[in-house]
Amino acid sequence: ACYHDSLLGKLIVHGKSRAECLMRLRRVIDEFVVDGIEATLPLFRVLVRDKDILDGSYHIHWLEQFLARGGMDD
């Protein structure tokens, strides 16, 4: 069995506005490659394009509800 830390790296973006940060984040996540293990990049590629995330309309249970309603199936 192969074991690894679930936090392989930390990605930090900055910008002059939230919109600029989200734009940079989308680009970096689209270009980010993790090879050899399963990663959460597909989830984050969906999340940074979701209207609720873009609008800042999320809460502590948002992700759980998003996944329960099949948010990754869209």
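The values are calculated or read from the model by the stated rules, or taken from the named source; none is laboratory data. Keep in mind the model is a prediction, meaning the values are calculated, not measured. For neighbour counting, all protein chains shown are included, and Cβ atoms are generated from backbone atoms with ideal geometry for every residue, glycine included. Ligands, DNA and RNA are excluded from the accessible area calculation, which covers all protein heavy atoms including side chains. Shrake-Rupley method; radii C 1.70, N 1.55, O 1.52, S 1.80 Å.
In the list V34, V13, which residue meets the criterion of being of a type in the set (A, V, I, L, M), assigned to a loop (DSSP other than H, G, I, E, B) and in contact with a helix residue (DSSP H, G or I) (Cβ under 6 Å, 6 or more places away or on another chain)?
Result of the check over V34, V13: V13.
Those residues that are of a type in the set (S, T, N, Q), more than 20 Å from L7 (Cβ to Cβ) and under 12 Å from the mean Cα position of the chain (by Cα), I need them from region 40-61; list them, please.
None; the set is empty.
Name the one entry in L25, L8 that is among the aliphatic types (A, V, I, L, M) and either under 17 Å from G71 (Cβ atoms) or in contact with a Phe, Trp or Tyr (Cβ under 9 Å, 6 or more places away or on another chain) (or both).
Residue meeting the stated conditions: L25.
May I ask you to verify whether E64 is of a type in the set (D, E), over 13 Å from the mean Cα position of the chain (by Cα) and surrounded by 12 or more Cβ atoms within 10 Å (Cβ to Cβ)?
Here the answer is no, as E64 does not meet what is asked.
Residue by residue, here is whether (1) in contact with a Phe, Trp or Tyr (Cβ under 8 Å, 6 or more places away or on another chain); (2) of a type outside the set (F, W, Y); (3) at pLDDT 90 or above holds:
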| position | (1), (2), (3) |
| --- | --- |
| V13 | no, yes, yes |
| I29 | yes, yes, yes |
| F32 | no, no, yes |
| D35 | no, yes, no |
| L67 | no, yes, yes |
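Of all residues in region 43-61, which are part of a loop (DSSP other than H, G, I, E, B), open to solvent by less than 50 Å² (accessible area, probe 1.4 Å), of a type outside the set (D, E) and closer than 20 Å to D30 by Cα?
Result: V48, single match.
Which residues, counting only those in region 37-46, are touching a helix residue (DSSP H, G or I) at 6+ places or on another chain (Cβ under 8 Å), among the aliphatic types (A, V, I, L, M) and at pLDDT below 95?
Answer for region 37-46, where residues must be touching a helix residue (DSSP H, G or I) at 6+ places or on another chain (Cβ under 8 Å), among the aliphatic types (A, V, I, L, M) and at pLDDT below 95: L41, L43.
Being within 13 Å of the chain's Cα centre (by Cα) and not aliphatic (A, V, I, L, M) narrows it down to one of R24, R18, R69, so name that one.
R24 is the lone residue from the list that is within 13 Å of the chain's Cα centre (by Cα) and not aliphatic (A, V, I, L, M).
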